[in-house]
Amino acid sequence: MKEIAIQPLTCEAFAPFGDVIETENAQSFPINGGRCMRFHDLARIETTGENARPMISIVRGEPYVLPLTLTMVERHPLGSQAFIPLSRNPFLVVVSEETVAGPGEPHAFLTAPGQGVNIARNVWHGILTPLQGVSDFAVIDRGGEGVNLEEHFFEEPFLLR
Ligand SMILES: NC(=O)N[C@@H](O)C(=O)O
Ligand code: NI
């Protein structure tokens, strides 16, 4: 089984796949008489297709234990998908480039506490993978008609360590 080294999540490394949602280095300005700081426009929500609309859900995820065997990735051809942690627990973000033969070798990122991601439309990714404890996430993705899920099962799994 090919091993994939898990690396820290950074804006630069994740840029080909979407946005990192964090306050660090974000455009920000005070609002509400200076009593709030708005970290502004952190990610682009994409929705397309019939009756497409953005929607907000909360997902409560059971934790996984590393090292992890990755057997599949999925993608959403009709919209982006954002995961914003509502706890300080880290989670694992797995993405793959599209190749002529389907998803390529995965990249695995470990979030810092509080970091979220917005996975761009049609980007191959692993399913939500909380670590260290049951974790709640706000999920912002696409509602509407049509099939918005495509799955790919690797011929050979990968070991994420
Ligand atoms: N379906 C859902 O809310 N989540 C998955 O698409 C996922 O990427 O975990
Ligand atoms: Ni997904």
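The values are calculated or read from the model by the stated rules, or taken from the named source; none is laboratory data. All values derive from a computational prediction rather than experimental measurement. Please note: Cβ atoms are built from the backbone with ideal geometry, for glycine as well, and neighbour counts cover all protein chains shown. Calculation scope for accessible area: heavy atoms of the full protein, side chains included, ligands and nucleic acids excluded. Shrake-Rupley method; radii C 1.70, N 1.55, O 1.52, S 1.80 Å.
Measuring nothing but alpha carbons in the stretch 2-160 and taking Rh as the Kirkwood radius, the Rg to Rh ratio lands at 0.98.
If I take every Cα pair under 8 Å that is 6 or more residues apart in the stretch 23-79, average their sequence separation and divide by the length, what percent do I get for the relative contact order?
27
Multiplying the residue separation of Glu105 and Arg88 by 0.36 nm and subtracting their alpha-carbon distance yields 3.3 nm.
Considering only Phe17, Gly34, Ser96, the residue lying farthest towards the positive end of the dipole of the chain is Gly34, judged by Cα position with unit charges set on Cβ. May I ask you to give the solvent-accessible area per residue for the chain, in square angstrom, as obtained with a 1.4 angstrom probe? Solvent-accessible surface per residue comes out at 56 Å².
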